[in-house]
Structures are given as structure tokens and as C-alpha cells.
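Colleague: Just passing along the structure, written as C-alpha cells.
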Amino acid sequence: MMNRSPQTNNTHCPMAVDADIDRMVKEEIEVHDEPVLSQDVQVSVKQEWECNQCAQGFPSNSRLIRHQMTHTGKVSYHCAKAFSRKGNITVHQRTHSGQKSFQCNQCDKDFSANSHLIRHQRTHTGEKPFQCNHCDKAFSQNSHLISHQWTHTGERPFQCNQCYKAFSQNSHLKSHQLTHTGEKPFQCNQCDKTFSQNGYLIRHQRTHTGEKPFQCNQCDKDFSQNGDLIRHQLTHTGEKPFQCNQCDKTFSQNRFLKVHQRIHTGEKPFQCNQCDKAFSQNGDLIRHQRTHTGEKPFQCNQCDKAFSQKGNLIVHKSIHTW
């Protein structure tokens, strides 16, 4: 009978099965391409690598190194991540060591990878090399371009595992998931308010600083939020992009459309907590509640009379002009 040479099938390679650990060990990667012998042949393999602490033998240096960690307590990896390229492992391991070898020459920030430095430097140069092929928008990072392109395709690959809502960006999904947990990790350092998203915190902090970074290019008005600026600009253009699907009325803002649609639906979501009356608008509820509290916030500047509603004050002021 012909003597068959040992099989060199790597299908059941223990390193491949336990890749999450072994790929993080440099020596394991270097010997990974060596064929693994079948079980009946492995028993005769010479144990050339001996542990100097317990004299146990191993068929390879990489196995010896892994064994010696049982004596030293040293862990050969920090997480379960695996990589197809050795260079990627080297970059990733810096996240565990804290090593940051790449420094920005325009500010003091340091980075663990050169690619991270390059992305950061675009914040100084304003460079946006990644351009959308559907519109004129350009981005400083490719990941931002990819997320943007989903607004054209309608793709929403990130899905919530609790309510199945889908999002075009992973950051939007993470923010949404906080609505299930109730977690508000972003706290204002000037008051006790907390927020589920950093963006909400930044907007809130402008109430303390008075900052209004969004300026209208047609007049001198400034705004603390970009949404307020966009709504204001419609007063210049006269544009009313929000149309009621039950009548011909159009509105400059979506919130005005929603209020209007309650005329058709009869919805009254704002209910008084002191009586059974309900209202379609929050402003109507506030005015109604003054009938219970007796509050009269609108005071005439020419006499001592005060009113619960602004309209009544305007009517009253006309008696002073006669």
C-alpha cells in the first residue's frame, strides 16, 4: 500500500477557531500558515519548545508563549477584535496602550493613527475631498458622505432592536436608543439639566452664554439654533413648502401645518388638569388656565389695569388714545 503523506487541511485549525484571541498575538500570525497535522500524526510531533518554569513541552514557539502567560498572568489581548492585516492590529492596539505618536502641527492634539491626524487636519484646512454625486454637498470624511448618500437612496441600515425604527446613521440610532433607557448622560455645567444627546446640551448652553452663531444673510438677525434661522428665512422668500393634504392651505413651518390639521381631525391633545376642557393648541390651554389661576400677565403701561389675554390689553389701550 502506498504511504500517504500527512494531510495539510487547515479547516480545523485551532488558531482559526479561536481567532479572536490568537490573531492578537504577533507570533501566532507569523506561524498561522504552517499546516496543522491530523490527530494521528500530531502525537509523534517532537515537543521542541520547553517551558523554563514547568518543563512542559510545546510543538511551536507561539504555543509556548501563550502557555507562559499562565505563569505571568499577562494577557495577550485586550479585546475580541480581529483584523485581516497585521498593520491594522498595530494601529488598533494603540487604543489600549494610549500611545499617540501623530501630532497636529497647528494645535496640540495627538492621535494614535496617521489617518486620524489627516482627518483632523481638515478641520483646520476646511478641505472636503468627498463629494456627493447626487448633489453639490462635499464632506471632510468618507463616512459622512456615505451617511449623506442614504438621504438620496432612502436607505436606513441601522435598526433599533426594541421598536424596530430604522435610521440612516448609527449615531442617530444610538441617540434614539436613549429614549428607551431614559438615560441622559450629557449634563449642563451651569445648571442641573441633563440631556440624552450632546447636540441638545450644546443648544441649551447657548441660553446661558447668549451665543447666536446662525446669522441671516438678508438682515441682521441672529439665532441660537439653525432651525430658527431656516424658519426665519422663509419670511424673506415667502415660501410655504408645507401643504395640507386635506385642503389647499400651505404653511411656512411644519408645526403650523400640524396645528392646522387638527381642524380636520378634531384632535385636542392639550387637556386642562383642573377641568375637562381640551384644546388643539397649547397656547389656547395656557390662556384657559388663567381662568383658574386668575393670572393677568398683560399690564397696561398707562394705568394699573392688567389682563389675562394680550388681545384684551390691545383693545383696552385704545381708550387712552381717544
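Colleague: Looking at (1) more than 30 Å from ASP136 (Cβ to Cβ); (2) touching a Phe, Trp or Tyr at 6+ places or on another chain (Cβ under 7 Å), which one does PHE214 not meet, given that it meets all the others?
Modeller: Here PHE214 clears every test but (1).
Colleague: Give me the residue from the range 135-176 that is among the small types (Gly, Ala, Ser) and surrounded by 12 or more Cβ atoms within 10 Å (Cβ to Cβ) and, out of that set, farthest from ARG119 (Cα to Cα). Lay out the reasoning, then the answer.
Modeller: From the range 135-176, those among the small types (Gly, Ala, Ser) are 138, 140, 143, 147, 154, 166, 168, 171, 175; that's our starting set.
With the extra rule that they be surrounded by 12 or more Cβ atoms within 10 Å (Cβ to Cβ), the set shrinks to 138, 140, 143, 147, 166, 168, 171, 175.
Values: ALA138: 14, SER140: 7, SER143: 11, SER147: 17, ALA166: 28, SER168: 22, SER171: 18, SER175: 24 Å.
My answer is ALA166.
Colleague: Among the residues of the range 294-308, count how many are farther than 17 Å from THR321 by Cα and out of contact with any strand residue (DSSP E or B) (no Cβ under 7 Å at 6 or more places or on another chain).
Modeller: First, the residues of the range 294-308 that are farther than 17 Å from THR321 by Cα: 294-298, 306-308.
Among the residues that remain, those that are also out of contact with any strand residue (DSSP E or B) (no Cβ under 7 Å at 6 or more places or on another chain) are: 294-295, 297, 308.
The number of residues fulfilling the criteria is 4.
Colleague: A further question follows. Select from the range 281-322 the residues that are more than 18 Å from VAL259 (Cβ to Cβ) and among the hydrophobic types (A, V, I, L, M, F, W, C) and list them in ascending order.
Modeller: Residues satisfying the conditions are PHE298, CYS300, CYS303, ALA306, PHE307, LEU313, ILE314, VAL315, ILE319, TRP322.
Colleague: Is it true that LYS184 is touching a strand residue (DSSP E or B) at 6+ places or on another chain (Cβ under 9 Å) and not in a helix (DSSP H, G or I)?
Modeller: Working: touching a strand residue (DSSP E or B) at 6+ places or on another chain (Cβ under 9 Å): yes; not in a helix (DSSP H, G or I): yes.
For LYS184, the condition - touching a strand residue (DSSP E or B) at 6+ places or on another chain (Cβ under 9 Å) and not in a helix (DSSP H, G or I) - is met.
Colleague: Have a look at LEU313, LEU285 and point out the one that is of a type outside the set (Lys, Arg), under 44 Å from the mean Cα position of the chain (by Cα) and either within 30 Å of GLN246 (Cα to Cα) or not in a loop (DSSP other than H, G, I, E, B) (or both).
Modeller: Numbers: LEU313 fails: under 44 Å from the mean Cα position of the chain (by Cα).
Answer to the check: LEU285.
Colleague: Being modelled with pLDDT under 70 and exposed (fewer than 11 other Cβ atoms within 10 Å of the Cβ) is the filter; apply it to the range 67-95 and report the residue that is farthest from CYS51 (Cα to Cα).
Modeller: Looking at residues that are modelled with pLDDT under 70 and exposed (fewer than 11 other Cβ atoms within 10 Å of the Cβ), I get ALA80.
Colleague: Test of understanding: among ARG262, ARG290, ARG231, which residue is among the basic types (Lys, Arg), modelled with pLDDT under 90 and either in a helix (DSSP H, G or I) or within 37 Å of the chain's Cα centre (by Cα) (or both)?
Modeller: Working: ARG262 fails: modelled with pLDDT under 90; ARG290 fails: modelled with pLDDT under 90.
Being among the basic types (Lys, Arg), modelled with pLDDT under 90 and either in a helix (DSSP H, G or I) or within 37 Å of the chain's Cα centre (by Cα) (or both) holds for just one of ARG262, ARG290, ARG231, which is ARG231.
Colleague: Among the residues of the range 119-129, is any among the acidic types (Asp, Glu) and modelled with pLDDT of 90 or more?
Modeller: We begin by selecting, within the range 119-129, every residue among the acidic types (Asp, Glu); these are 127.
When the remaining residues are screened for being modelled with pLDDT of 90 or more, the result is 127.
The answer is yes, given that some residue of the range 119-129 is among the acidic types (Asp, Glu) and modelled with pLDDT of 90 or more.
Colleague: Can you confirm whether ASN301 is free of Cβ contacts under 8 Å to residues at least 24 places away in the same chain, of a type outside the set (Lys, Arg) and surrounded by fewer than 11 Cβ atoms within 10 Å (Cβ to Cβ)? I'd like the intermediate steps shown before the answer.
Modeller: On the way: free of Cβ contacts under 8 Å to residues at least 24 places away in the same chain: yes; of a type outside the set (Lys, Arg): yes; surrounded by fewer than 11 Cβ atoms within 10 Å (Cβ to Cβ): yes.
The answer is yes for ASN301.
Colleague: To continue, here is another question. Could you tell me how many of the residues in the range 239-254 are basic (Lys, Arg) and touching a strand residue (DSSP E or B) at 6+ places or on another chain (Cβ under 7 Å)?
Modeller: Quick first cut of the range 239-254, residues basic (Lys, Arg) only: 240, 249.
Retained after the next criterion (residues that are touching a strand residue (DSSP E or B) at 6+ places or on another chain (Cβ under 7 Å)): 240.
Adding up the residues that qualify gives 1.
Colleague: Go through (1) within 30 Å of ARG156 (Cα to Cα); (2) assigned to a loop (DSSP other than H, G, I, E, B) for LYS174 and report which single condition fails.
Modeller: (2)
Colleague: List, please: which pairs have Cβ atoms under 9 Å, are six or more places apart or on different chains, and start with a residue in the range 137-155 that is in contact (Cβ under 8 Å) with a residue 40 or more places away in the chain and under 22 Å from LYS165 (Cβ atoms) and end with one that is surrounded by 15 or more Cβ atoms within 10 Å (Cβ to Cβ) and hydrophobic (A, V, I, L, M, F, W, C)?
Modeller: Pairs found: none.
Colleague: OK, next. Here are GLU295, GLU239: which of them is more than 30 Å from CYS219 (Cα to Cα) and either touching a residue at least 12 places away in the same chain (Cβ under 8 Å) or in a helix (DSSP H, G or I) (or both)? Walk me through it before giving the result.
Modeller: Working: GLU239 fails: more than 30 Å from CYS219 (Cα to Cα).
Sole residue among the options that is more than 30 Å from CYS219 (Cα to Cα) and either touching a residue at least 12 places away in the same chain (Cβ under 8 Å) or in a helix (DSSP H, G or I) (or both): GLU295.
Colleague: Additional query: Has the range 202-211 got at least one residue that is over 26 Å from LYS258 (Cα atoms), touching a strand residue (DSSP E or B) at 6+ places or on another chain (Cβ under 8 Å) and surrounded by fewer than 14 Cβ atoms within 10 Å (Cβ to Cβ)? Walk me through it before giving the result.
Modeller: Let us first name the residues in the range 202-211 that are over 26 Å from LYS258 (Cα atoms), namely 202, 205-211.
If we keep only those that are touching a strand residue (DSSP E or B) at 6+ places or on another chain (Cβ under 8 Å) as well, we get none.
Among the residues of the range 202-211, not one is over 26 Å from LYS258 (Cα atoms), touching a strand residue (DSSP E or B) at 6+ places or on another chain (Cβ under 8 Å) and surrounded by fewer than 14 Cβ atoms within 10 Å (Cβ to Cβ), which makes the answer no.
Colleague: Follow-up question, since we're still on this one. For the range 287-297, how many residues are closer than 25 Å to GLY266 by Cα and either exposed (fewer than 13 other Cβ atoms within 10 Å of the Cβ) or of a type in the set (S, T, N, Q) (or both)? Walk me through how you get there before you give the answer.
Modeller: The first filter runs over the range 287-297 and keeps only residues closer than 25 Å to GLY266 by Cα, leaving 287-292.
So of that shortlist, the ones also either exposed (fewer than 13 other Cβ atoms within 10 Å of the Cβ) or of a type in the set (S, T, N, Q) (or both) come out as 289, 291-292.
Summing the residues that are closer than 25 Å to GLY266 by Cα and either exposed (fewer than 13 other Cβ atoms within 10 Å of the Cβ) or of a type in the set (S, T, N, Q) (or both) in the range 287-297 gives 3.
Colleague: When the range 138-193 is examined, which residues are found to be aliphatic (A, V, I, L, M) and touching a Leu at 6+ places or on another chain (Cβ under 9 Å)? Working first, answer last.
Modeller: Taking the range 138-193 and keeping what is aliphatic (A, V, I, L, M), we get 138, 145-146, 166, 173, 178.
Once the filter is applied, which keeps residues that are aliphatic (A, V, I, L, M) and touching a Leu at 6+ places or on another chain (Cβ under 9 Å), the range 138-193 yields ALA138, ALA166.
The values are calculated or read from the model by the stated rules, or taken from the named source; none is laboratory data. Quick caveat, the model's predicted, so the values are computed rather than measured. Virtual Cβ from ideal backbone geometry, glycine too; neighbours counted across all protein chains shown.
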